[in-house]
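Worksheet: one structure, shown below.
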Amino acid sequence: MSYLNSVTIIGFVGADPEQRQARNNNGSKFTVLSVATQRSGKNTDDEWVSKVEWHRVAIFRPRLSEAVLTNIKKGAHVLVEGSLVSTTYERANGKGKKAKTNKQTFWCIRADVVRKLDRSGASGHAPGPSDASPF
């Protein structure tokens, strides 16, 4: 049996990208991006409602990470492709000897592709597979 872990979202960037440094031994740099997606539908009263979902995107590829830092800003329309990754750790709930710990799991998208969809300043050329730009 084969497995597939693939995520593709199109949304708007909620804040300027941030560069962070990993806590592991090599301390490699990566970029974090928040992307909002929206879906709409009718509720039980036959009224249109929309729901916004926020996605945390982590970019570990050095060239893509730098390109996102310099070219993507808050409000940009982007396409993100990657895989879903979970991180689980224990967090203290209270202080003292009787403090319990809670396991917390966070999900993020580890991006392989981040493509800017904004057409500002574009000459109308749609990027094809032969274009070298990460956008």
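Some observations on this one:
- Qualifying residue in the stretch 25-34 (condition: out of contact with any strand residue (DSSP E or B) (no Cβ under 8 Å at 6 or more places or on another chain) and open to solvent by 50 Å² or more (accessible area, probe 1.4 Å)): yes
Residue-wise test of (1) touching a strand residue (DSSP E or B) at 6+ places or on another chain (Cβ under 7 Å); (2) modelled with pLDDT of 90 or more; (3) closer than 27 Å to Arg23 by Cα.
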site	(1), (2), (3)
Val57	yes, yes, yes
Glu66	no, yes, yes
Thr70	no, yes, yes
Gly82	yes, yes, yes
Gly94	yes, no, yes
Gly124	no, no, no
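- Looking across the stretch 35-56, the residues that are open to solvent by less than 90 Å² (accessible area, probe 1.4 Å) and part of a strand (DSSP E or B) come down to Val35, Ala36, Thr37, Ser40, Gly41, Val49, Ser50, Val52, Glu53, His55.
- Unique residue being open to solvent by less than 30 Å² (accessible area, probe 1.4 Å) and within 13 Å of the chain's Cα centre (by Cα) when the list is Val68, Val85: Val68
- Test: residue in the stretch 38-52 that is under 18 Å from Lys116 (Cβ atoms) and either among the aromatic types (Phe, Trp, Tyr) or under 12 Å from the mean Cα position of the chain (by Cα) (or both): no
The values are calculated or read from the model by the stated rules, or taken from the named source; none is laboratory data. As the structure is a prediction and not an experimental result, all values here were calculated from the model. Counting neighbours? That spans all protein chains shown, and the Cβs are built from the backbone with ideal geometry, glycine included. What goes into the accessible areas is simple: the full protein's heavy atoms, side chains included, and nothing from ligands, DNA or RNA. Shrake-Rupley method; radii C 1.70, N 1.55, O 1.52, S 1.80 Å.
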